[in-house]
Ligand code: GDP
């Protein structure tokens, strides 16, 4: 295993303990070390550079107390900076609307359908009546997958397997939700393996037609730099409200969280940490900062 950044920082600053202040000279190599560690954690280079420039400013001139090691002090500064950049606190999804409509977008394989089930499960546990709508008109297997998840968590799934018009299915699902007293409607949409124009047109048409209270973009945290590019493309077309970062049970340090947040300036709202229906958590910037630091 690699040393965590905090261990590295502690080592780099051993000699400085009790010697007064952090200065331009004694911080230079450490700043490089921090930048390298951020890049290793999947933070994109430009973002890592911006972050370390800010950290240098923050750290310069800070007194190094005898009681606190410079490494610890710098780790604290880095951690605070990362937390601030990721938005300090969790931003909840909107519960507005009757039904409250949540649109789920993302590439195929990102964990979209699994997350749709998890969110329905979570909201059900919170006492809301939930309806799931299967609007993937290309993969019949996706409809079946959602139905299996729905059965597992005891949430009804609205689907029209013969209908190839996602907007119509979604509108019918809204009517069904209203007629059946469902307070929340979560719409799972079609994904492709890569972004293409037709897919973007479809999902933006769908968004326009159903006017969701919340549009979430789901992205696989293991996809590194691609995650940032995909987020940017979806955001340009959809102007989504929040991001869901999946597969954080893998060995990624989670730097994609920081890069995406910096790139699209939208909050990450949930994280997904496994295939099971309860493997969902609210995104907490301070916890992600600790993870990135290792
Ligand atoms: P979709 O094509 O975007 O709807 O993706 P799916 O929900 O079908 O997920 C693709 C694969 O990733 C499936 O095998 C899921 O079980 C798996 N998956 C989804 N979320 C997670 C997660 O948070 N962690 C792990 N390890 N696997 C996940």
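Set the Förster distance to 45 Å, then compute FRET efficiency between residue 162 and residue 7 from the Cβ-Cβ distance, nearest 0.05. Mind showing how you got there, number by number?
Details: r = 59 Å, r/R0 = 1.31.
After rounding to 0.05, the efficiency reads 0.15.
In whole percent, what relative contact order does the stretch 151-211 give with Cα contacts below 8 Å and a gap of six or more residues?
Once normalised by length, the contact order is 35 percent.
Among 183-190, 90-97, what's the highest-first ranking by average C-beta atoms within 10 angstrom per residue?
With the highest mean Cβ count within 10 Å placed first, the list reads 183-190, 90-97.
Express the relative contact order of the chain as a whole percentage, based on alpha carbon pairs under 8 Å and six or more residues apart in sequence.
24 percent.
By how many nm would the segment from residue 36 to residue 176 lengthen if fully extended, with 0.36 nm per residue of separation less the alpha-carbon distance? Write out the running numbers ahead of the final one.
Values: separation 140, 0.36 × 140 = 50.40 nm, distance 5.24 nm.
Result: 45.2 nm gained on full extension.
Run lengths n ≥ 4 of DSSP H only: what is the helix-derived mean residue ellipticity at 222 nm for the chain, with -39500 (n - 2.57) per run over all residues, to the nearest 500? Each step should come with its number before you reach the end.
Working: 11 runs with 145 residues, N = 294.
The per-residue figure over the chain is -15500 deg cm²/dmol.
How tilted is helix 70-85 with respect to the longest principal axis of the chain? Cα atoms for both, answer in degrees (0 to 90, nearest 10).
Relative to the chain, helix 70-85 is tipped by roughly 30 degrees.
Rounded to two decimal places and with Rh computed the Kirkwood way over Cα pairs, what is Rg over Rh for the stretch 82-129? Working shown, then result.
Details: Rg = 13.5 Å, Rh = 13.0 Å.
For the stretch 82-129, the value is 1.04.
May I ask you to derive the FRET efficiency for residue 72 and residue 50 from their Cβ-Cβ distance with R0 = 30 Å, giving the value to the nearest 0.05? Walk me through the intermediate numbers first.
Details: r = 24 Å, r/R0 = 0.79.
Rounded to the nearest 0.05, the efficiency is 0.80.
If you line up the long axis of helix 197-210 against the longest principal axis of the chain, both from Cα atoms, how many degrees apart are they, to the nearest 10?
Relative to the chain, helix 197-210 is tipped by roughly 70 degrees.
With bins 5 Å wide starting at 0, give me the P(r) of the stretch 254-294 over every alpha carbon pair, in whole percents.
Bin by bin from 0 Å, the calculated values are 6, 22, 28, 25, 14, 5.
Mean-square fluctuation check for the chain, GNM, Cα pairs under 10 Å: which of 193, 131, 74 is largest?
Maximum among the listed residues: 193.
Between residue 249 and residue 124, what FRET efficiency follows from the Cβ-Cβ distance if R0 is 22 Å, with the result rounded to 0.05?
Values: r = 22 Å, r/R0 = 1.02.
Efficiency computed from Cβ-Cβ geometry: 0.45.
So, by mean Cβ neighbours within 10 angstrom, what's the order for 176-182, 34-40 with the highest one leading?
Averaged packing, sorted descending, gives the order 34-40, 176-182.
Two decimals is fine: what is log10 I(q)/I(0) at q = 0.10, 0.21, 0.22 Å⁻¹ for the stretch 74-203, from a Debye sum with one equal scatterer on every Cα and no solvent?
Once normalised to I(0) and log-transformed, intensities are -0.38, -1.19, -1.28.
Going by alpha carbons, how many degrees (0 to 90, nearest 10) lie between the helix axis of 225-238 and the longest principal axis of the chain?
Computed tilt is about 50 degrees.
Based on Cα positions only, what radius of gyration and what Dmax would you give for the chain, in angstroms?
21.9, 74
Computed from the coordinates by the stated procedures, all read-outs in this text should not be read as laboratory data. All values reported here derive from a predicted model rather than from experimental measurement. So basically every Cβ, Gly included, is an ideal-geometry build from the backbone, and we count neighbours across all protein chains shown.
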